[in-house]
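Here is the structure we will look at, set down as structure tokens.
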Amino acid sequence: MSSRAENIAAATKALHGVSRIRPAEIVFWLAAVAAFFFLPDQYLLLNEVMITGLFALSLDLVLGYGGIVSLGHAAFFGFGCYVAGLLTKYGVADPLLGLVIVAVMTGLLGLLTSFLVLRGSDLTRIMVTLSVGVLLSEIGNRLAWLTGGADGLQGVAPDLLLGRWEFDIFGKVAYAYTLAVTFVLFVIARRFVFSPFGWSVRAVKENALRTSAIGIPVNRRLIVVYSLAAAIAGIAGALLAQTTQFVSLDVLAFHRSADLLLILIIGGTGYLYGGLVGALLFKLVQDAIANLTPEYWEFWIGLILVSIVMIGRERIVGLPAFLLKRLRGVA
Amino acid sequence: MNTALETRNLVRRFGGLVATNDVSITLRQGARHALIGPNGAGKTTLINLLTGVIPPSSGTIMLEGQDITTASRSRRVELGLVRTFQINQLFPGFTPLQTVALAVSRRLGLDRNMFRPIGSNRRVIEEAVDVIERFDLVDVMNANTASLPYGKQRLLEIAVAIACGPRVLLLDEPAAGVPEGERGEIMDGLAALPADVTVLLIEHDMDLVFRFADRISVLVQGGLLLEGTVAEISNDPRVREVYLGDAVHD
């Protein structure tokens, strides 16, 4: 029988242990910063990967923590993209101010549409989110006078970043900007998921009936996390509009939402890094395969995805450690 | 004698079926009250009415003198009416400590905090450990809930409810499905319930009912057949007939 003080110490340690910053996390972010100094040729690619990673992170909050399967998350990304583009074009050219406005507006769009995902089962949610995505895409197409339609939104020229740095054609400032914004939002998301509120959102995913039985209003939790994720997706979209200085209808396309789910499946859900790692792997694999067989890259992506699902990510990730153990055992 | 929970002429109809028929029960503060009745007697409907899963067709529910007939589910929990489930409703991916800590955070009103880690509040940890110790879950507090022995999961089911700080606790068949060897744990768990918490126990296991309860209500076909002490109920011929069955002889 252990003493009360020991139990409290053990409980404190265990509860803190979950949210402890792990060495791998520090390595990850250091690598992202190192890329800025050592991969100057790849700024455009890095920028794109980081934006996709942030976008996937927002879906992870909804899917990996809230348990809501969405096939229309590009609605928020695309909406944020257009809002940022239009703001820049028609007066509010300061990038950071643009981000704040986009976050608020996309958050509101998330709030408005969140009521749709509260109803029904996973299947209903997939169809409803998909519909919202398609709907927004069509609206973007119809409002060609505003969005530029199929030609895209031209003439998006943001002001200097912090009144000092110009977005250059090599994407140097763009990557630094995207990395900084992503890091800040990641830290916020990380605090969020380990807070009591974050735990209550996970609880909803684990068992909604019990969550309501301990007095937590389930629907309100889902509305908040959905809106928050929408705001982050909007910011990711805004980053794309500001750093590429162009918005095309493609940002609202269905394949963006679908790819995003693939990215999360590749990277894993419910630990926040899945989106960032998945985005990087997805891009690298996509590029590598497209170089080998430009026509059939989708086949190989599909094959890889099926393999991940069949074999299981844990086993793939655990393979090096498993082999190492075997080798040591033999030696 | 303070009244903790009271129903007045509670009725619930499903179409032509009267699932709850004019039920008036009064539980005094600190009571150990059992509700028994054969299958289909309306026990589950009554729990659903009390916890706000479904609204009554007529009648009122009072919690410590306050009318909660139309209160939301989470509001009832806030006011101190908490339930457990006949079939485990736990968070399989959480540890028992995380589960209890979340419930304690909710009770302390910290569950809307989005920025501080759940483990940063000393009171949350202390009260969570209190509950864990009370139900003898210390050894498994950091284990995965899904991997716990069934008896421990049943105990956690009760522990989570206690962590919500109930004034009145509704126990829905706490020993359901627990193997013989782990039943003692459940009895110990029930004995460890705080004395000031009023308990309404719904149970099939008559052994457990007779050992735990001080008063018993018998529900038959949606209505109350009778109410009395353990001795009164166990000797009542009508109860023997409708509930214990004709097969009981002594």
**Prompt:** If we only count helices (runs of 4 or more DSSP H) wholly inside the range B:115-199, which ones have 3 or more residues that are under 19 Å from A:ILE214 (Cβ atoms)?
**Reply:** B:122-134, B:150-163
**Message:** For the range A:222-239, check the following and say yes or no: at least one residue is closer than 18 Å to A:GLY107 by Cα, buried (at least 24 other Cβ atoms within 10 Å of the Cβ) and either more than 17 Å from the chain's Cα centre (by Cα) or hydroxyl-bearing (Ser, Thr, Tyr) (or both).
**Reply:** yes
**Complete:** Per the filter on the range A:285-319, residues of a type in the set (Gly, Ala, Ser) and modelled with pLDDT of 80 or more are A:ALA288, A:ALA290, A:GLY302, A:SER307
**Item:** Number of the exception - A:GLY149 against (1) within 14 Å of chain B (Cβ to nearest Cβ); (2) at positive phi
**Value:** (1)
**Complete:** Pairing a residue in the range B:100-116 that is among the polar types (S, T, N, Q) with any residue that is in a loop (DSSP other than H, G, I, E, B), where Cβ atoms lie under 7 Å and the two sit 6 or more apart in sequence or on different chains, gives B:SER105/B:ASP111; B:ASN113/A:SER195
**Item:** A:LEU99 vs. criteria assigned to a helix (DSSP H, G or I) and closer than 17 Å to A:THR178 by Cβ
**Value:** yes
**Prompt:** Which condition breaks for B:GLU126 when tested against (1) facing another protein chain (nearest Cβ under 7 Å); (2) surrounded by 18 or more Cβ atoms within 10 Å (Cβ to Cβ); (3) not hydroxyl-bearing (Ser, Thr, Tyr)?
**Reply:** (2)
**Message:** So, in the range A:202-223, exactly how many residues are closer than 20 Å to B:ALA163 by Cα, out of contact with any Gly (no Cβ under 7 Å at 6 or more places or on another chain) and more than 7 Å from chain B (Cβ to nearest Cβ)?
**Reply:** 4
**Message:** The conditions are (1) polar (S, T, N, Q); (2) within 19 Å of the chain's Cα centre (by Cα); (3) farther than 20 Å from A:PHE186 by Cβ, and A:THR88 fails exactly one of them. Which is it?
**Reply:** (2)
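Among the residues of the range A:59-75, are any closer than 19 Å to A:GLY152 by Cα, buried (at least 23 other Cβ atoms within 10 Å of the Cβ) and of a type in the set (A, V, I, L, M, F, W, C)?
The answer is yes; a qualifying residue exists.
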**Prompt:** Within the range A:227-249, can one find any residue that is within 14 Å of another protein chain (Cβ to nearest Cβ) and outside any helix (DSSP H, G or I)?
**Reply:** no
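Listed here are the residues, each with its yes/no results for (1) surrounded by 18 or more Cβ atoms within 10 Å (Cβ to Cβ); (2) of a type in the set (D, E, K, R); (3) more than 30 Å from B:THR7 (Cβ to Cβ).
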site: B:SER58; (1), (2), (3): no, no, no
site: B:ARG83; (1), (2), (3): yes, yes, no
site: B:THR95; (1), (2), (3): yes, no, yes
site: B:GLN98; (1), (2), (3): yes, no, yes
site: B:SER105; (1), (2), (3): yes, no, yes
site: B:LEU110; (1), (2), (3): yes, no, yes
site: B:PHE115; (1), (2), (3): no, no, yes
site: B:SER120; (1), (2), (3): yes, no, yes
site: B:ILE132; (1), (2), (3): yes, no, yes
**Asked** Restricting attention to the range A:162-201, and to residues there that are crowded, with 19+ Cβ neighbours inside 10 Å, more than 14 Å from every other protein chain (Cβ to nearest Cβ) and not in a helix (DSSP H, G or I), which single residue is modelled with the highest pLDDT?
**Response** A:GLY171
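The values are calculated or read from the model by the stated rules, or taken from the named source; none is laboratory data. What you see is a predicted model, and the numbers here were worked out from it, not measured in a lab. Note that each Cβ is placed from the backbone with ideal geometry, even for glycine, and that neighbours are counted across all protein chains shown.
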